[in-house]
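Following: one structure in structure tokens, then a few remarks.
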Amino acid sequence: MAPAAASGGSTLPSGVAVFTSFPDLLFIFEFVFGGLVWILVASSLVPIPLIQGWVMFVSVFCFLATTTLLVLYIIGAHGGETSWVTLDAAYHCLAALFYLSASVLEALATIGMQEGYTYKQYHENISAVVFSYVVTLLYVVHAVFSLIRWKSS
């Protein structure tokens, strides 16, 4: 594929190259830390169910979408098409925005539960907030580098 080579590596990797190229290596960390957010929020007690519902939606949606994209990249479903670079950039921007909103809401709910909840419940929510911000940072970094790749494609 001459156009892919001529574009300076601005195409998406496939196969095991997904695990050795940046920012696609971040898929693994998004997967692991996003799963931790999902588990922590599901097991914690949040005083406002609407907030927990949004945080659960974001964590499950991004976990499944990240897993799907990772598998599609590994099997090479993109076929070197530039439209997949656009999809990658758009998804990571959306995921970063979703996770930022979920992180802020989870932090707000956790601050509001300092009184009247057990030590364990409070610390589970603090852990969920910390990991949620870590995942937000991962998605922001991935989005920035995906946008750079999109611009150069």
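The values are calculated or read from the model by the stated rules, or taken from the named source; none is laboratory data. In this text the structure is predicted, and so the values were computed from the model without any measurement. Cβ placement follows ideal geometry from the backbone for every residue including glycine, while neighbour counts extend to all protein chains displayed. Please note that ligands, DNA and RNA were not included when accessible areas were found on the heavy atoms of the full protein model with its side chains. Shrake-Rupley method; radii C 1.70, N 1.55, O 1.52, S 1.80 Å.
The simple Förster model, with R0 at 22 Å and r as the Cβ-Cβ distance, assigns PHE22 and LEU97 a FRET efficiency of 0.50. In the full protein context, the stretch 16-152 carries 50 Å² of accessible surface per residue, based on a 1.4 Å probe and ignoring ligands, DNA and RNA. Phi angles of the stretch 68-83 translate, via the Karplus equation with coefficients 6.51, -1.76, 1.60 and θ = phi - 60°, into HN-Hα couplings of 5, 4, 4, 5, 5, 5, 5, 7, x, 5, 6, x, x, 6, 6, 5 Hz per residue; Gly and Pro are given as x. Would you mind working out the magnitude of the charge dipole of the stretch 16-152 relative to its Cα centre, with +1 at each Lys and Arg C-beta and -1 at each Asp and Glu C-beta, to the nearest 20 Debye? Charge dipole of the stretch 16-152: 100 debye, to the nearest 20.
Take the Cα of LEU108, step 7 Å toward its Cβ, do the same at LEU137, and the gap between the two points is 2.3 nm. Computed over the chain, the per-residue total of -39500 (n - 2.57) for DSSP H runs of n ≥ 4 gives a 222 nm mean residue ellipticity of -26000 deg cm²/dmol, rounded to 500.
Ligands, DNA and RNA left out, the accessible area of the chain computed with a 1.4 Å probe is 77% carbon and sulfur.
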